[in-house]
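The values are calculated or read from the model by the stated rules, or taken from the named source; none is laboratory data. Every value quoted in this text rests on a predicted model; they were computed, and no experiment measured them. A quick note on method: Cβ atoms are made from the backbone with ideal geometry, for glycine too, and the neighbour counts reach across all protein chains shown.
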DNA sequence: AAATACCGCTAACACGTGTTAGTTGATTAT
DNA sequence: ATAATCAACTAACACGTGTTAGCGGTATTT
């Protein structure tokens, strides 16, 4: 009876959650079955339930761990004493790096949150709405100080956040430019598009 | 025995495909059941099969009708005798309007194509890859003529296309700016981000 | 009016799903 | 060494899924 492999400091549950992220990204939450997940982990489906409560619990864990990281970063950036454009760029670079280095989780949180069940669903939608408002507020501050073009701030936020999810295509492409180049290109275009010339 | 209502020139199949688009957008292809669809159409699930071959056929129809519209527009724009920036802007505006006025279909084609079965899946992915290459080629031409900043063209394409899918959020938001304003804001930011100052 | 194609219904199937119960071997603590 | 906890297994269930068969009524054509 071979147990799930664990390095020290990585619980078996964390292994499962991590494999779930990969699977949910590849097939979508609904299409990924617990038997698929079990196979990926190297175990029978029923055995997973010694470590987790339900399939949806896996989705909660993924969605909220990502959401919390972003909210935490927002706290941090808002508190800094730098220009608004600098704040926007910092948030942008954070998003880009999250999407590059925590691809699976971030992607799943972005695309599959619809399948959350309802105390969690509303909660998650709320957190998102608040996050976007705070992002928009930074842009609006930038508009008032004339750093940023006169544009509709919520629209700008929506462009930023969705543009970043395009990094998915970068991950899948065979001829990738480097992560650093990708980051610089995205910043050039997006910050460039906002900045008042 | 009440039949599916049809205006003249709209076949019952088209009614089904259209309702399917809405449903697939709301719940995702895999989570949307034929019984759900039947209810939306006002009929029993089995009756749908008098008009369609399978659930996946609905997805084919949606995905390829959208893909064909974009490829057709690309043909048109490539042939025009205008600056590269103008071509980019035209393509962009077309994408934006498609996402505004054919929301359900375009959204489904964008997010749910993974669930296509394999002769269609590869076909669709191919068409996508080709479309993006042609888009990138326009941008590269713009870079050579110095209309466009020196950036990685595939990255620029990926930003454009994904930014536009953010219009989903606009559709869901309660306090919408007008469609025209949305279009102008997006063009300002995205074309502005590309153009050489 | 008769014939034919259309289109809805009910019933049912085979299968894949998430999950639970109960058990047994492996690991850890006393 | 013994006890206790952990984590794997097998078996099974209840249910939702896409889809088919076959029937009967309703439009449409002749």
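Scanning the range A:184-197 for residues that are surrounded by fewer than 19 Cβ atoms within 10 Å (Cβ to Cβ), in a helix (DSSP H, G or I) and either more than 7 Å from chain B (Cβ to nearest Cβ) or within 19 Å of the chain's Cα centre (by Cα) (or both) yields A:184, A:187, A:191.
Are any of the residues in the range B:86-95 facing chain A (nearest Cβ under 9 Å) and closer than 27 Å to residue B:178 by Cβ? The answer is no, given that none of the residues of the range B:86-95 is facing chain A (nearest Cβ under 9 Å) and closer than 27 Å to residue B:178 by Cβ. There is no residue in the range A:84-102 that is within 12 Å of DNA strand D (Cβ to nearest atom) and surrounded by 17 or more Cβ atoms within 10 Å (Cβ to Cβ). The sole residue among B:81, B:126 that is in the same structural domain as residue B:186 (by TED's automatic domain parsing), more than 16 Å from DNA strand C (Cβ to nearest atom) and more than 17 Å from the chain's Cα centre (by Cα) is B:81. Taking the range B:15-48 as the range and being part of a loop (DSSP other than H, G, I, E, B), within 14 Å of DNA strand C (Cβ to nearest atom) and under 23 Å from residue B:66 (Cα atoms) as the test, the residues that pass are B:28, B:30, B:31, B:33. Residue A:51 fulfils the conditions (1) away from every other protein chain (no Cβ under 14 Å); (2) away from DNA strand D (no atom under 15 Å from the Cβ); (3) more than 21 Å from residue A:171 (Cβ to Cβ) except for a single criterion, (2). Taken over the range B:145-179, the criterion of being under 24 Å from residue A:133 (Cβ atoms) and either in contact (Cβ under 8 Å) with a residue 12 or more places away in the chain or not in a loop (DSSP other than H, G, I, E, B) (or both) is satisfied by B:159, B:162, B:163, B:164, B:165, B:167, B:168, B:169, B:170, B:171, B:172, B:179.
Residue-level analysis places residue A:139 among those that are free of Cβ contacts under 8 Å to residues at least 60 places away in the same chain and closer than 21 Å to residue B:185 by Cα. When you check residue A:64 against the structure, is it more than 7 Å from DNA strand C (Cβ to nearest atom) and not in a helix (DSSP H, G or I), yes or no? Judged against the criteria, residue A:64 is not a match.
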